[in-house]
Structure formats: structure tokens, C-alpha cells
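The values are calculated or read from the model by the stated rules, or taken from the named source; none is laboratory data. Predicted, not measured: the structure shown is a model, and the values here were computed from it. Here the Cβ positions follow ideal geometry from the backbone for every residue, glycine too, while neighbour counts run over all protein chains shown. Side chains are part of the model used for accessible areas, which takes the heavy atoms of the whole protein and leaves out ligands, DNA and RNA. Shrake-Rupley method; radii C 1.70, N 1.55, O 1.52, S 1.80 Å.
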Amino acid sequence: MSADCLFCKIVEGKIPASKTFENDNVIGFVDIHPQAKIHLLFVHKTHTADINELSGDPKSLGEIFQAITEYTKAQGLDKNGFRVVTNLGKHAGQTVFHTHFHVLSGEHLGRFGS
Ligand code: 5GP
Ligand code: ZN
């Protein structure tokens, strides 16, 4: 838990979120400003700021991807496909500094980048 971290507060249930997935280590919830028909965020319950910090803990990194695989398979999202995105820093537009993976699906997604 990191004081004043929005996603730590969601993990702890102090701020409400529409949770779609939870196990001992990871939660998935609906993004408040969806950029696709399905737009979820997967976060580890242990706080890290970004993917660089999370990469120092490969077990947790694996647990997030296992959760994404489990959820997307259970929902059949792998049939038509989905996208996983993580942002690090200013140029990528990271706004919440608790590592999270966007999972976008449910429709044909445009190409990214500009
Ligand atoms: P980033 O820009 O850091 O990659 O992604 C942060 C994401 O968190 C954004 O897509 C934003 O819509 C989402 N977000 C910000 N505040 C909240 C919140 O209070 N609840 C939920 N569910 N999503 C949030
Ligand atoms: Zn946090």
C-alpha cells in the first residue's frame, strides 16, 4: 500500500470500482473512461509505480499476465482478440503511478501510435 495511491485505494475497497476479476494477487476493473467497448485495468495488489519497477518482481509480473489470460479466456475475448497496453512516463501519458495494464477488446481496435 502506498499512501495516496488511487489504485491501492481501489485494491483495498476504499474507492469503489466495477471489479471484473479478483484473486489473491491481482484485480481487474472497468476503466472509468473507457476507450473501447471493453476497457479493463489489471493491477497487482502490491504497489509498484510502473512497469520498470514491476519488472524487478517477475513473479508479480507473471501473476498479472496469468490473470489477464485467465479472464480473457473465461470471457472468450481471445476468440476475436484483445490488446494489452501499459504506459510509462510523460510521453506515454501515464497518469496513475500504480502499474496497470489496459485490456481493450469487444470491437475492432484501430491501430495505435500517431
Ligand atoms: P494511464 O493514463 O496511467 O495509462 O491510465 C490510467 C487509467 O486510469 C485511465 O485510463 C483512467 O481513465 C483510469 N482511471 C483514472 N481514475 C480512475 C478511477 O477512479 N477509477 C477507474 N476505474 N479508473 C480510473
Ligand atoms: Zn498503489
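For the reader, a short list of remarks on this structure follows.
- Short to long, the 5 Å bins of the Cα pair-distance histogram for region 54-105 hold 5, 17, 24, 23, 18, 11, 2 percent of all pairs.
- Each residue of region 36-50 is assigned a 3J(HN,Hα), and the resulting list reads 7, 3, 10, 9, 10, 10, 10, 9, 7, 5, 7, 6, 9, 7, 7 Hz, derived from the Karplus form 6.51 cos²θ - 1.76 cosθ + 1.60 (θ = phi - 60°), x at Gly and Pro.
- Averaging Cα coordinates gives a centre for region 67-114 and one for region 1-42; these two points are 14 Å apart.
- Within the chain, longest stretch clear of exposed trypsin sites (Lys or Arg not before Pro) (DSSP loop, no more than 15 other Cβ within 10 Å): 38-110
- Residue ranking by accessible heavy-atom surface, 1.4 Å probe, largest first, among V85, V103 comes out as V85, V103.
- Between E107 and A3, the FRET efficiency from the beta-carbon distance, with R0 = 30 Å, is close to 0.20.
- Surface listing: E63, E53 arranged by accessible area from highest to lowest gives E53, E63, probe 1.4 Å.
- Flagged links, alpha-carbon separation over 24 Å, of K14/K59; K14/K45; K9/K59; K14/K73; K19/K90: K14/K59; K14/K73; K19/K90
- Full-stretch length increase - A49, F65 - with 0.36 nm per residue and alpha-carbon distance subtracted: 4.0 nm
- For T20, residues with placed amide H under 5 Å, excluding near neighbours: G28, F29, V30
- Net lengthening on full extension, K90/D57 (0.36 nm per residue, minus Cα-Cα): 9.6 nm
- Solvent-accessible surface (1.4 Å probe) assigned to I68 amounts to roughly 0 Å².
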